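What follows is a single structure, written as structure tokens, with notes after it.
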Amino acid sequence: MSGSLKEELLKLGLGRNLKRAEPERRKHTPPRPKAERARPVPAAPVPKSAPRVPDPRELDRERARRQARVFAQLEANKLDDAQAEIRHYYSTGKKIKYTYVTEAQQKALLAGEIVIVVAQGKGRLVSSSLLPSLREIDPELRVVDPHAAPDNEDDPDHEVPDDLRW
């Protein structure tokens, strides 16, 4: 036996070599000069005719700003009366909602002098002269039109009058 017992056993495959092989070392490259490191990477040229894709978060922020301006203007010019006792029903899509109005407000609603603007899920009474300035801020503003043709898909022979009190 020319080597140690450990070497002999390793040769026969009866043991493990616990000595780890050293990893190959990379050759150290010298640092580049600062002028080369600071050189900007050229971006891919964007064609001028390509439309800019808006960021969805930016669109949400813009919509929230528009809604806040509309809501502030509605709160400043609302005609809601605390003593109103008459329920005025209006539809918003598939739901029928109501707001309390006075008798004079109900007549003005039917005449078109005041309108119901739906903002943040609630209908607010405002003067119809305010409507163009609100439309400038938010063109998608929901306004209840009392003279619009009702959607009578269920029964077109029976129409409900606007001034019906429930």
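The values are calculated or read from the model by the stated rules, or taken from the named source; none is laboratory data. Since this is a predicted model, take the numbers as computed values, not measurements. Every residue, glycine among them, receives a Cβ derived from its backbone with ideal geometry; neighbour counts consider all protein chains shown.
Overview of results
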| read-out | value |
| --- | --- |
| Close pairs (7 angstrom Cβ cut-off, 6 or more residues apart or separate chains): over 15 Å from V115 (Cα atoms) in the stretch 64-89, among the basic types (K, R) and surrounded by 11 or more Cβ atoms within 10 Å (Cβ to Cβ) anywhere | none |
| R124 touching a strand residue (DSSP E or B) at 6+ places or on another chain (Cβ under 9 Å), exposed (fewer than 14 other Cβ atoms within 10 Å of the Cβ) and at pLDDT below 90 | no |
| Strands (runs of 3 or more DSSP E) lying entirely in the stretch 17-119 (those with 2 or more residues that are touching a Ser or Thr at 6+ places or on another chain (Cβ under 8 Å) and either among the small types (G, A, S) or at pLDDT 75 or above (or both)) | 86-92, 114-119 |
| Looking only at the stretch 46-104, and only at residues there that are more than 16 Å from the chain's Cα centre (by Cα) and of a type in the set (S, T, N, Q), the one that is surrounded by the most Cβ atoms within 10 Å (Cβ to Cβ) | T99 |
| Of residues in the stretch 81-115 being of a type in the set (D, E, K, R) and out of contact with any Phe, Trp or Tyr (no Cβ under 8 Å at 6 or more places or on another chain), the one farthest from L141 (Cα to Cα) | E103 |
